[in-house]
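So the structure is just underneath, and the comments pick up after that.
The values are calculated or read from the model by the stated rules, or taken from the named source; none is laboratory data. Being a predicted model, the structure only gives us computed values, none of them experimental. Backbone-built Cβ (ideal geometry, glycine too); neighbour counts: all protein chains shown.
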Amino acid sequence: MAARLEADAWPARGVRELTVVPVHRETFPRFVPGDHVHIQHGNGTRRDYSLIGPADDPSCYRIAIRRDDDGRGGSVLFHEELEVGDLLFVSYPQSGMRIDRTASHHVFVAGGIGVTAILGLLEGLPPGASSEIRYCVRHREHAAYLDVLQASGAEVILHESAAGGRLDVPALTAGLADDATVYCCGPEALMAEMAEAASRLHPDRVRCESFTGRVSAPGDRLGDSFEARLMLSEQVIHVAEDESLLQAMLRENVPVDYSCEGGACGSCVLEVVDGEIEHRDLCLSDEERGQSMAACVSRGKGAISVQA
C-alpha cells in the first residue's frame with residue numbers, strides 16, 4: 001500500500017518513530033495487537049517493524065526504528081534518507097505474537113527496540129490482567145517508551161546492564177508459575193538465552209519474536225554448495241559455499257520476498273518439494289520445518305526442489 005510519512009518523533013536517543021498515513025485509501029486495514037508490517041523505502045529496501053499504538057485506529061500506522069550503524073544499512077536509511085512528506089510502501093498487517101488469554105500471569109521481556117513488539121501486545125491484554133514487564137537496555141537513555149510502559153498498569157522493572165542491572169533470565173523463568181506465559185522480543189543473545197532458560201516451560205507458554213537474525217559477512221563460507229530446482233520458474237540454480245539460496249535467486253533475477261536476511265522475519269520462507277534441509281532460521285516451528293525453509297539462511301543437504 002502506498003503511504004506517506006506524516007510525522008516523526010524521537011522517543012529515545014537513536015530511536016525514530018514514524019507515523020504513516022495511506023495515500024490511495026481512507027484508512028489502513030485494521031490490525032491485531034502483536035502484528036507487524038513490511039516497510040519499503042523508495043529505493044526498494046524493505047524491513048519489518050512492529051505496529052505500535054491503538055489497534056482500533058486505522059487512520060495511520062506507527063512504527064519505531066533504532067539506528068544501528070553496524071547493521072545492514074536499513075535503519076540508517078530510514079533515519080537519514082526519509083523526510084516528512086516522503087512516500088513509501090507498507091504491507092498489510094502480518095501476524096506476530098498473540099496474547100495467551102488462558103494465562104494467569106503475563107511476563108513481557110523487551111530487549112532494546114524489541115520494546116515495540118511488547119507495546120503492541122499490551123494493547124491486547126484483557127482488562128485487569130496480571131502482568132509485568134522486564135525492560136532490558138544498556139543505558140537508561142536508550143529506554144524508549146518507558147513512560148508509556150509505566151502508564152500501562154503493568155509492573156515495570158528496568159534492567160540497565162551498564163549499571164549492573166542485567167536481567168537474570170534463568171532466575172526469571174525458574175520462578176514462573178506453570179500457567180504463566182512469557183513473551184520476549186529483542187536481540188539474538190537475549191532470544192537465545194530465553195529459549196534455553198524457558199525450555200522447562202510448555203512451548204505454548206513461551207512466545208518469542210525477533211526481526212534481527214544472524215547475518216554473515218560477505219565472503220564467509222556458509223556451508224557446502226548445493227543445487228536448487230525452482231519448480232515454478234523451471235530453473236536449476238547453483239548455490240555457492242559463500243552465498244545463500246536467497247542471494248542465488250536474486251542473482252538469477254528470480255522474484256522472492258525478503259526482509260531481515262537473517263532467518264528471523266519469515267518473509268523469504270519457501271515450500272520445500274524435495275530434499276533435505278539444514279535449518280538455521282529463527283521463525284519456523286518444528287512442524288513447519290518439515291515442509292518449508294527460510295531461503296536467507298537455511299541450506300540444502302545436497303540437491304533440493306522448492307516452490308519458487
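Every residue, every condition in (1) among the polar types (S, T, N, Q); (2) at negative phi; (3) assigned to a loop (DSSP other than H, G, I, E, B); (4) out of contact with any strand residue (DSSP E or B) (no Cβ under 8 Å at 6 or more places or on another chain), yes or no:
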residue: 261; (1), (2), (3), (4): no, no, yes, yes
residue: 267; (1), (2), (3), (4): yes, yes, yes, no
residue: 271; (1), (2), (3), (4): no, yes, no, no
residue: 282; (1), (2), (3), (4): no, yes, yes, yes
residue: 285; (1), (2), (3), (4): yes, yes, yes, yes
Could you list, in sequence order, the residues of region 123-142 that are in contact with a helix residue (DSSP H, G or I) (Cβ under 8 Å, 6 or more places away or on another chain) and either of a type in the set (A, V, I, L, M) or within 20 Å of residue 210 (Cβ to Cβ) (or both)?
133, 134, 135, 136, 137, 138, 142
I need every pair where a residue in region 182-202 that is β-branched (Val, Ile, Thr) has its Cβ under 7 Å from the Cβ of a residue that is at pLDDT below 85, sequence separation at least 6 or different chains.
182/198
Failed condition for residue 128, given (1) in contact (Cβ under 8 Å) with a residue 40 or more places away in the chain; (2) over 22 Å from residue 202 (Cα atoms); (3) small (Gly, Ala, Ser); (4) not assigned by TED's automatic domain parsing to the domain that holds residue 24
(1)
Identify the residue in region 39-58 that is charged (D, E, K, R) and surrounded by fewer than 16 Cβ atoms within 10 Å (Cβ to Cβ) and, among all such residues, is nearest to residue 88 (Cα to Cα).
57
The listed residue being surrounded by fewer than 21 Cβ atoms within 10 Å (Cβ to Cβ) and either in the same structural domain as residue 126 (by TED's automatic domain parsing) or assigned to a loop (DSSP other than H, G, I, E, B) (or both), out of 26, 17:
26
Would you mind finding the one in 121, 82 that is touching a strand residue (DSSP E or B) at 6+ places or on another chain (Cβ under 7 Å) and in a helix (DSSP H, G or I)?
121
Pick from region 73-99 the residues that are among the charged types (D, E, K, R) and closer than 22 Å to residue 265 by Cβ: which of them is surrounded by the fewest Cβ atoms within 10 Å (Cβ to Cβ)?
81
Taking region 193-212 as the search range and keeping residues that are under 23 Å from residue 144 (Cα atoms) and at pLDDT below 85, which one is surrounded by the most Cβ atoms within 10 Å (Cβ to Cβ)?
212
Please indicate, with yes or no, whether at least one residue in region 146-160 is at pLDDT below 90, of a type outside the set (Gly, Ala, Ser) and either within 22 Å of the chain's Cα centre (by Cα) or in a helix (DSSP H, G or I) (or both).
no
Filter region 29-54 down to the residues that are polar (S, T, N, Q) and either in contact with a helix residue (DSSP H, G or I) (Cβ under 9 Å, 6 or more places away or on another chain) or assigned by TED's automatic domain parsing to the domain that holds residue 118 (or both) and list them by number.
43, 45, 50
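Is it true that residue 57 is without any contact (Cβ under 8 Å) to a residue 12 or more places away in the chain, of a type outside the set (Phe, Trp, Tyr), closer than 29 Å to residue 154 by Cβ and assigned by TED's automatic domain parsing to the domain that holds residue 11?
Values: without any contact (Cβ under 8 Å) to a residue 12 or more places away in the chain: yes; of a type outside the set (Phe, Trp, Tyr): yes; closer than 29 Å to residue 154 by Cβ: yes; assigned by TED's automatic domain parsing to the domain that holds residue 11: yes.
Judged against the criteria, residue 57 is a match.
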Counting only residues that are over 18 Å from residue 239 (Cα atoms) and either crowded, with 18+ Cβ neighbours inside 10 Å or under 13 Å from the mean Cα position of the chain (by Cα) (or both), region 259-292 contains a total of 9
Boolean, residue 16 is in contact with a Leu (Cβ under 9 Å, 6 or more places away or on another chain), touching a residue at least 60 places away in the same chain (Cβ under 8 Å) and not β-branched (Val, Ile, Thr)
yes
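Matching residues to (1) modelled with pLDDT of 90 or more; (2) surrounded by 17 or more Cβ atoms within 10 Å (Cβ to Cβ); (3) of a type outside the set (A, V, I, L, M); (4) under 30 Å from residue 111 (Cα atoms):
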| residue | (1), (2), (3), (4) |
| --- | --- |
| 229 | yes, yes, yes, no |
| 240 | yes, no, no, no |
| 249 | yes, yes, no, no |
| 257 | no, no, yes, yes |
